[in-house]
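*Asks:* I have a structure I would like to understand better, so I am pasting it below and will then ask my questions one at a time.
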Amino acid sequence: MGIFEVYHPLFNFFLLNVGYAFSQQIVLRAGVFSVATGGFAALGAYCTAILVVDYQVGEFLALAASLALGMLTGLILSWPLARLRGVYQAIATLAFVQIVTALLLYAEDITGGAIGINHIPRLATTWQLLIAVAIVTYIIFSIGRSGIGRAFDAIRQDETVAGMLGVSIRRYHILAFVISGAIGGLFGGFHALLVYSIEPALFGFEFLAMVLTFIVLGGKGSVWGPIIGTAIIVSLPEIARPLAENRQMAQGILMMVMIAYLPNGVYDSLVSLIRQRRAAKWDRANQEKSHAVAGA
Amino acid sequence: MIVQQLLNGLISGSVYALFALGFTLISGTHRILNLAHAGVFMTGAFIGYYCVVLGLPLWLAIVLAMIGSGLLSYFIDIVAFQQLRAQKQIEFAALISSIGANLILINIAQRLSDTQVLSFPFGTFPTIFFHFAGVRVSALQLMIVALVAVLFGLLLFYLYKTSFGRQVRAVAGNERAAMLLGVNPKSVYFQTFFISGALAGIAGVLIGLLFSSVYFLMGEPYLLRGFVIVILGGLGSIPGAVVAGLLLGVMQTLATAYLPPGLTDAMIYSLLFVGLLIRPSGLFGGQAIAVAAGRR
């Protein structure tokens, strides 16, 4: 129990970031280069915080509202953004995050401006967070195994081919945005209920870089990628003190090395390596068998 | 009053244009959004600051800052981008890699400056003010405007009137074909990244002087503004960057003066968002420009 007490906040932080990682993963998996997760998270966090603090709404209702808000924002955002591609999509979603941050700073009466909202009751427990992560993991897992996941993969790998095969690219891009928004909003809500105070600066450029690193590190092909990527980044500062002091440098080096040498992430690369080995073994076994048959 | 506002707008616009020139040069020639440009810009300001503190004259500090950040920029190209050119999805990979490089530079600068805001010693640049027709302008501001004009001219001359520039444009058009015709792409990469870095370096020193602050996060606001400029002016268009930079400066000053306070940022990023949707190629992005954006 003692060890768990020490690492309890870290574990909460890890679970929270797994949620954000999934929100980022689902869009990247569909070939959408969106960095809007920070914007969804900011909206979700403020939605929950305002409902809980100012209107004494119950925590579950507030979280549901955050989820719905994220979903709605994703839907609205997807409508214009499904037209853009690549870098243009990334910049447009970055603009969205900046607009959200600027409006949060502007609407001081409601959001508290740069100071943010303080004294948020700490209503979320680790168990609730764990259950939420489990449900989201299951949903992402089943999406990955279903036709939607295959459509996402096809669009990411080659949009023209996917379109020729009858995959409606627009529809799946919208779907990816909506799911990403819902997850981002929900975990933004949890964020507000875990950390006592929120401010717009929490969801800025650093947040964006961190969430992208989770996926680059872990891989975007399966549910394990984001979990492993998040675990590595979150535990880095705990492993050694120099790493904690130079966290950004460690993160930067990891990003550069990973994207240059293992662009599919740790987990996805490992899986494909094992598959290759297995296929090679199977081939060899087959060859030997056929030799044996020929010999007899 | 309005004349003074317009003038202030043009001056801050020139500052933005100064930052965006190098940024747009790389995005036009190599189809890379180099987010590490912000880090190089900040490094230039730091080099300039330490040179001045060590007692070197300002002009020498500027020259050293340009050389230092030019070399740094080329080094980033080698470390962050060279490996990626073999891969297919360079757009995404380069973005991630440059975010990583930027994080490393920010971390180093933060450790070096102890998270302090440094400022140039008083009197580094003579504080002279000119008054005419009720308008007040400092010598430094005039110098920045003049410098943007000179650098813009030099850059255009280099790209369109010299043999080096023809090689750069050839590589921008089609690297393979340029190589077959005897252009050495390595030397082109060196030139473009060095020039881009040197431009970032001089921008860093001058902006550090103008606002009398040099700190590790100084690149971030300029990077975000840089995105707006590059998109509005057309990705990779050098005249576009200057015009969009000036336009942005004027609009920002007018918005700060006449809109309710705090809405300026929201307006600028909404402009970027809408601009992307209506005309992703920007004001000047078109087939006519040889150093054009890489869109498919």
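Throughout, read-outs are computed from the coordinates displayed, never taken from laboratory work. This structure is a prediction, so every number in the text was calculated from the model and none was measured. Here the Cβ is made from the backbone with ideal geometry for all residues, glycine too, and neighbour counts use every protein chain on show.
*Asks:* Using Cα-only point scatterers and the Debye equation, what is log10 of I(q)/I(0) for the stretch B:1-159 at each q in 0.09, 0.20 Å⁻¹, rounded to two decimals?
*Replies:* -0.38, -1.36
*Asks:* Separate question: Would you kindly work out the equivalent ellipsoid of the stretch A:2-203 from its C-alpha gyration tensor and give its semi-axes, the square roots of five times the eigenvalues, largest first in whole Å?
*Replies:* Values for the stretch A:2-203, descending: 30, 20, 13 Å.
*Asks:* Please enumerate, by chain and number, the aspartates and glutamates with C-alpha under 18 Å from the C-alpha of B:K186, excluding those fewer than 8 residues away in the same chain.
*Replies:* Candidates past the 8-residue exclusion: B:D77, B:E175.
*Asks:* Kirkwood Rh over Cα pairs of the protein assembly as shown into Stokes-Einstein at 20 °C, 1.002 mPa s: D in µm²/s?
*Replies:* 84 µm²/s
*Asks:* For chain B, find the longest principal axis of its Cα atoms and tell me its angle to the long axis of helix B:238-258, 0 to 90°, nearest 10.
*Replies:* Tilt relative to chain B: about 30 degrees.
*Asks:* Just to confirm a number: summing +1 for Lys and Arg and -1 for Asp and Glu over residues other than A:A102 whose beta-carbon lies under 15 angstrom from that of A:A102, what do you get?
*Replies:* Result for the local shell: -3.
*Asks:* When the convex hull of the C-alpha atoms of the stretch B:140-296 is computed, what volume per residue in Å³ does it have?
*Replies:* Spread over its residues, the Cα hull of the stretch B:140-296 gives 133 Å³ apiece.
*Asks:* So, one more: Regarding the stretch A:177-262, what's the average projected area of the Cα-atom convex hull, expressed in nm²?
*Replies:* 6.7 nm²
*Asks:* Run lengths n ≥ 4 of DSSP H only: what is the helix-derived mean residue ellipticity at 222 nm for chain A, with -39500 (n - 2.57) per run over all residues, to the nearest 500?
*Replies:* Dividing the helical sum by the residues of chain A leaves -27000 deg cm²/dmol.
*Asks:* Mind checking A:255-268 for the average number of partner chain beta-carbons within 10 Å of each residue's beta-carbon?
*Replies:* Whole-number average of other-chain Cβ neighbours for A:255-268 is 5.
*Asks:* If you don't mind, another one. Could you tell me which of rounded, prolate or oblate describes the stretch B:105-185, using a ≥ b ≥ c as the square roots of the eigenvalues of the alpha-carbon gyration tensor, with rounded for a/c under 1.5 and, failing that, prolate when a/b is larger than b/c and oblate otherwise?
*Replies:* Oblate, because a/c is 1.5 or more while a/b does not exceed b/c.
*Asks:* Where a Cα-Cα gap under 19 Å defines reach, which aspartates and glutamates qualify for A:K220, not counting those fewer than 8 residues away within the same chain?
*Replies:* Straight-distance partners of A:K220: A:D153, A:D158, A:E159, A:D268, B:E91.
*Asks:* Could you grab the Rg to Rh ratio for the stretch A:1-94? Cα atoms only, Kirkwood for Rh.
*Replies:* 1.08
*Asks:* For chain B, take the convex hull of the Cα atoms, compute a quarter of its surface area, and give me that in nm², please.
*Replies:* Average projection, Cα convex hull of chain B: 16.0 nm².
*Asks:* How many partner chain Cβ atoms sit within 10 Å of a residue's Cβ in peptide A:89-101, on average, as a whole number?
*Replies:* Counting Cβ atoms of other protein chains within 10 Å of each residue's Cβ and averaging gives 6.
*Asks:* Other chains' Cβ within 10 Å of A:80-86 residues: what's the mean?
*Replies:* 4
*Asks:* Turning to a different aspect of this structure: Where does each of A:217-229, B:214-226, A:280-292 land if you order them by average Cβ count within 10 Å, highest first?
*Replies:* A:217-229, B:214-226, A:280-292
*Asks:* Hey, fewest Cβ within 10 Å first, where do A:Y106, B:Y49, A:Y55 land in order?
*Replies:* A:Y55, A:Y106, B:Y49
*Asks:* Using just the helices of chain B, give the 222 nm mean residue ellipticity in deg cm²/dmol: DSSP H runs with n ≥ 4 each add -39,500 (n - 2.57), and the total is spread over all residues, rounded to 500.
*Replies:* Theoretical 222 nm ellipticity from helices: -23500 deg cm²/dmol.
*Asks:* Neighbouring Cβ atoms within 10 Å as the yardstick, rank A:H119, B:H30, B:H37 fewest first.
*Replies:* Lowest count first: A:H119, B:H30, B:H37.
*Asks:* Sort A:E108, A:E206 so that the residue with the fewest other Cβ atoms within 10 Å of its own Cβ comes first and the one with the most comes last.
*Replies:* Listed from fewest to most nearby Cβ atoms, that is A:E108, A:E206.
*Asks:* For a distance above 20 Å, tell me the whole-number percent of Cα pairs in the stretch B:36-129 that qualify.
*Replies:* 46 percent
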